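The values are calculated or read from the model by the stated rules, or taken from the named source; none is laboratory data. Computed from a prediction, not measured in an experiment: that's the story for all the values here. Every residue, glycine among them, receives a Cβ derived from its backbone with ideal geometry; neighbour counts consider all protein chains shown.
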Amino acid sequence: MQATLKASDLEPAAQQLAAIDPALRDVLERHGPPPLWKRPATFATLVHVVLEQQVSLVSARATFNRLKAACQGSVTASRVSSLGEDALRELGFTRQKARYATALAADVVTGRFQVGSLRHLPDDKAMSQITECLGFGAWSANVFLLLALARPDVLPIGDLALVKGMHELDGGNYEEAEALLSRAEKWRPYRGVATRMIWQLYLTNRNRLDEMPG
């Protein structure tokens, strides 16, 4: 079993980060430890992550809730397969995202992809299994590892809230992945906790802290 974050881990990890990074110390002093923001490690969460690609959290949640209602309250691979792409598009999925969700459902139904096995894999192996699925790039895989598997050292490269939040953290430009990775190097082995602290800063600055699920 791989290391996972618990709610009780967040304060000591945030304190450790604050001790080595004055900018994060300021975030901790102003806002306290970040929330855990934990999601279930399920097929449904992977579909939710697909819906969050390049749209707001609120918009993605609205579409996911319509899907959940169409699935009688439980988003499973068999139910998504039964709905099919056309029905998903009627619920608000784009053509691409409907294709991604039904392809993922087919992979799960046939056993080609086993969501439950991801919790036992190291970060790189879990990442590679997720990114082999149609429509899942590094960002989607990282978000699943960070929020569903609660891995402590995951850094979601390409996440807009992280990039903007890091600029608000210290005024730097982190649009290039190399700059972001370099800045985050000192945060190991808690880059996932630092990400939560930066999301906390970003969302609080916009009065949107309640938008994050979990």
### Task
Would you check which residues across the range 1-60 are without any contact (Cβ under 8 Å) to a residue 12 or more places away in the chain and touching a Leu at 6+ places or on another chain (Cβ under 6 Å) and list them?
18
### Query
Does the range 34-45 contain any residue that is in a helix (DSSP H, G or I), crowded, with 17+ Cβ neighbours inside 10 Å, touching a Cys at 6+ places or on another chain (Cβ under 9 Å) and modelled with pLDDT of 95 or more?
yes
### Answer residue from the range 63-81, given it is surrounded by 15 or more Cβ atoms within 10 Å (Cβ to Cβ) and small (Gly, Ala, Ser) and is nearest to residue 111 (Cα to Cα) among those
77
### Message
Going by what's in this entry, would residue 150 be described as outside any helix (DSSP H, G or I) and buried (at least 22 other Cβ atoms within 10 Å of the Cβ)?
### Response
yes
### Task
Mind listing just one residue for me: the one in the range 82-98 that is assigned to a helix (DSSP H, G or I) and among the aliphatic types (A, V, I, L, M) and, of those, surrounded by the most Cβ atoms within 10 Å (Cβ to Cβ)?
88
### Residue in the range 99-134 that is farthest from the chain's Cα centre (by Cα), counting only those that are surrounded by 17 or more Cβ atoms within 10 Å (Cβ to Cβ) and part of a loop (DSSP other than H, G, I, E, B)
113
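Every residue, every condition in (1) under 19 Å from residue 210 (Cα atoms); (2) of a type in the set (Phe, Trp, Tyr), yes or no:
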residue: 43; (1), (2): no, yes
residue: 46; (1), (2): no, no
residue: 50; (1), (2): no, no
residue: 58; (1), (2): yes, no
residue: 61; (1), (2): yes, no
residue: 65; (1), (2): yes, no
residue: 80; (1), (2): no, no
### Task
Just one of (1) closer than 30 Å to residue 8 by Cβ; (2) free of Cβ contacts under 8 Å to residues at least 12 places away in the same chain trips up residue 179, so point out which.
(1)
### Summary
Looking across the range 177-206 at residues that are crowded, with 20+ Cβ neighbours inside 10 Å and among the hydroxyl-bearing types (Ser, Thr, Tyr), the single one that is nearest to residue 4 (Cα to Cα) is 190
### Message
It is to be established whether one or more residues within the range 25-39 are of a type in the set (A, V, I, L, M), over 30 Å from residue 131 (Cβ atoms) and more than 14 Å from the chain's Cα centre (by Cα).
### Response
yes
